[in-house]
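Only one structure is covered here, and it is reproduced in the block below.
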Amino acid sequence: MCPACRRGSRSETMGLTALRGLLAGVLLCLAFTADATPALVDAARAQIGVTVRYDPAYVRLSYPDGDVPDDRGVCTDVIVRALRTQDLDLQRAIHEDMRSAFAAYPRDWDARAPDRNIDHRRVPNQMRWFERQGWQRAIGTRAADFNAGDIVAWRLRSGQLHIGIVSDRRSAAGTPLILHNIARGTREDDLLFGHTIIGHYRPQLAAAAR
């Protein structure tokens, strides 16, 4: 074999080695991304099959860390339960904030004082607390605007408010799914752009955890 051909073979070998290294790096990154599901998403998904009923009844709760039976709840309970796995008790956090800044919260229920049994289970109160923590983000109009683990609030066509957690899974069209409870227990559905988005939040848990 001529010297030029030998040099070419050596260059090709070096090129193939570099390409294999690059591919290995890409595969490693992809594997890491696949395993790096936000803990908040895992905690919300773990509620599927456990919380099987939608029950908005007012219940007297223990404090802190009070909860209704885990087989039932409302949309806000998905958020409360997921955040508790990350050492953030919204019942206590919202109650304490309302005690010190009651006027900063909505008065939609003609309440005259904080109520630790229900305040953290109301969508407007969760939204206000998230805003006061600096979690608010632009509403967003594209799938790329939302990260897995983000919290989103909507106004449904009925006028009712709703809230859920952005999943790491996507629909066939590429839209992030939502982990939420709307009438049938905790589920993972394609509804991000199905209703009017009125709030978009990105939890900063290290700063907010108790």
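Taking the range 126-147 as the range and being surrounded by 18 or more Cβ atoms within 10 Å (Cβ to Cβ) and more than 27 Å from residue 115 (Cα to Cα) as the test, only 146 passes.
Among the residues of the range 119-126, not a single one is touching a strand residue (DSSP E or B) at 6+ places or on another chain (Cβ under 9 Å) and more than 26 Å from residue 189 (Cβ to Cβ). Looking across the range 148-174, the residues that are surrounded by fewer than 16 Cβ atoms within 10 Å (Cβ to Cβ) and in contact (Cβ under 8 Å) with a residue 24 or more places away in the chain come down to 155, 156, 157, 170, 174.
Highlighted here are the strands (runs of 3 or more DSSP E) found entirely within the range 125-210 that include at least 2 residues which are of a type in the set (Asp, Glu): 186-189.
Condition check for residue 94 on (1) surrounded by 14 or more Cβ atoms within 10 Å (Cβ to Cβ); (2) under 23 Å from residue 45 (Cα atoms): one failure, at (2). Of all positions in the range 37-46, none carries a residue that is exposed (fewer than 10 other Cβ atoms within 10 Å of the Cβ), at pLDDT 95 or above and of a type in the set (A, V, I, L, M).
Please go through the range 95-122 and give me each residue that is modelled with pLDDT of 95 or more, among the acidic types (Asp, Glu) and closer than 23 Å to residue 155 by Cα, ordered by number.
Just the residues of the range 95-122 that are modelled with pLDDT of 95 or more, to begin with: 95-106, 113-122.
Within this subset, residues satisfying the condition of being among the acidic types (Asp, Glu) are 96-97, 115, 119.
Residue satisfying the conditions is 119 alone.
The values are calculated or read from the model by the stated rules, or taken from the named source; none is laboratory data. Source: prediction; values computed, not measured. As a convention, Cβ positions derive from the backbone with ideal geometry for all residues, glycine included, and neighbour counts pool all protein chains shown.
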